[in-house]
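Here is the structure we will look at, set down as structure tokens.
The values are calculated or read from the model by the stated rules, or taken from the named source; none is laboratory data. Not measured: the values here are computed from a predicted model. FYI the Cβ positions are ideal-geometry reconstructions off the backbone, even for glycines, and counts take in every protein chain you see. Note: areas computed on protein heavy atoms with side chains; ligands, DNA, RNA excluded. Shrake-Rupley method; radii C 1.70, N 1.55, O 1.52, S 1.80 Å.
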Amino acid sequence: MMSSVSNNFKQLQEEMIQWRRLFHKYPEPAWCEFRTATFVAQSLKKWGFTVYMGQDLICDKRMNLPTQETLNKFYTQALERHDLDKELLEHTKGGYTAVAGVLNNGEGPVKVFRVDMDALPINESQLNDHYPVREKFASVHNGFMHACGHDAHTAIGLGLAKYLSTSKGSLQGKIIILFQPAEEGLGGMAAVVKHSIFEKVDEAYGFHVWANKEPNEFICGTYGQLASKKFDVEIKGKASHAALAPEKGINAMLPAAEIILSLERLKADFPSHIRLNIGQMQAGTARNIICPDALLKIETRAGDTITRDKLFNASIRIIEEITKKYACTCNINLVGEAESASSSIDLAKSIKQFVTDTGLFTHCTERELHNTYSEDFCTLMNHVQNTGGKAAFMGIGASNKAGTHHQTNFDIDEEVMMKMVSVLAELSMSK
């Protein structure tokens, strides 16, 4: 059956490339995927899916929401698009950008396929040797780009949906394709996973295109993704003139600086596989004003959820002690988190058999161990496994010798999208 699936999908390849380039040209960050989500929803409806979206799908708190100004900017840009269904777009207003398409095919297993949609706050390279520049689909949203492949993931999800809509006779049970917002901040999955359509799932699949692996490589199951907590620390001091009355001020920059150094030293108390990073510090208003406010953006990661929480709690204790020492106050906001998870071993074995049968890959890894990244799909993986189902996170090599992930010149080999859809189609139809 795989050969016929692959042949049928060749006619979808050009369409998927156009979708991917459309999403790449108009990147939207976490909770601002208005244009992308609406395009996805109207496509799913056209192909006969039952569509859940907006507040009908998001059923829990959304972490790390952008400012209202950012939400308004991206929503307005989406409103200006004449190719979007304005009624569907309205469902996403305010940052409710999750979409799920459901195909009911009678008795049988419930299978979920997760794809992510959000872009990153990175300026895309404008050099002529950057392929999206040469082909005129580089980002037109200054300060944002798809630097992790989520544009390709969304196109793959649509390719799978379009194929399945014409193959209902080969399907049994329920197929759910979840187009998830806010993966990069590790908060999107937590907002939707408690919805009733995910209450009892038999199989859940996630995947990622990897620009650091060759297109002939496929990973059937990953193990050891790092559990993570991302949080912001707002430190409050008191402003005063730095020359006339410095004694009346409380400098918030001082505890911020000591916190940075103390957290760096904290790493030595934990195993080598932990990650603790202060990625951003904002402080001060002018050179002659005692700094009244400071903001630190921090993340902790570890190989298991218990160690992650120990690292997080130790960090919080240090932060609170230091801010108190300087007579400042602090407010700590959790803005994203992911669990550690492992793909179901027997499901990974089944995937390897399917993938080997395709003949599309010369190198197939059943189990990839010791990953040093975090993935929001882990929240769904654990939910499904804890309720009796199976889950796997897969990877497909997509290198075209451009930049690696989260860099300004990131790009992928677009030909791998058809390969991924072929694998997902087989998994959809397997008994």
Would you kindly compute the Cα radius of gyration of region 264-370 and its largest Cα-Cα separation (Dmax), both in Å? 21.5, 69
Cα-based Rg/(2.2 N^0.38 Å) for region 217-295, rounded to two decimals, is 1.62
Report the FRET efficiency, 1/(1 + (r/R0)^6), for Glu69 and Leu334, where r is their Cβ-Cβ distance and R0 is 25 Å, rounded to 0.05. 0.65
For region 47-127, what class follows from the C-alpha gyration tensor (a ≥ b ≥ c being the square roots of its eigenvalues): rounded when a/c is under 1.5, otherwise prolate if a/b is larger than b/c, else oblate? prolate
Using only the alpha carbons of region 383-425, determine the length spanned along each of the three principal axes and report them from longest to shortest in whole angstroms. 41, 24, 10
Cβ crowding within 10 Å averaged over residues, with 136-149, 415-428, 177-190 ranked highest first: 177-190, 415-428, 136-149
I'm spelling it out carefully: the read-out is mean projected area of the Cα convex hull in nm², the candidates are [x] 19.6; [y] 55.4; [z] 21.8, and one was derived from this structure. Which label? [z]
Gap in Å between the Cα centre of region 215-278 and the Cα centre of region 161-175? 47
Percent of Cα-Cα pairs per 5 Å bin, from 0 to the last occupied bin, for region 175-237, please list those. 3, 9, 17, 19, 20, 14, 8, 4, 3, 2, 1, 0
Working from the pairwise distances between different alpha carbons, so that the mean of 1/r is found and then inverted, what is region 287-431's Kirkwood radius in Å? 19.3
Calculate the spin-label point distance for Ala257 paired with Ile318, positioning each point 7 Å from the Cα along the beta-carbon direction, and give it in nanometres. 1.8
For region 4-77, which whole-number percentage of the solvent-accessible area (1.4 Å probe, protein heavy atoms only) is attributable to carbon and sulfur atoms? 44
Residue-averaged 222 nm ellipticity for the chain, from DSSP H runs of 4+ at -39500 (n - 2.57), nearest 500: -11000 deg cm²/dmol
Which values, in whole Å and largest first, are the semi-axes of the equivalent ellipsoid of region 1-115 obtained as the square root of 5 times each eigenvalue of the Cα gyration tensor? 28, 19, 13
Suppose we look only past 25 Å in the calculated P(r) of region 161-268. What percent of the Cα-Cα pairs does that tail hold? 58
In nm, spacing of pseudo-spin labels at Leu79 and Asp232 (7 Å Cα→C-beta vector): 2.4
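Given region 347-423, report the % of alpha carbon pairs whose separation exceeds 15 Å. The partial results should precede the final answer.
On the way: 1976 of 2926 pairs.
Roughly 68 percent, rounded to a whole number.
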Determine the per residue accessible area of region 253-379 with all protein chains present and a 1.4 angstrom probe, expressed in square angstrom. 52
Using only protein heavy atoms and a 1.4 Å probe, report how much of Asp309 is accessible, in Å² to the nearest 10. 50
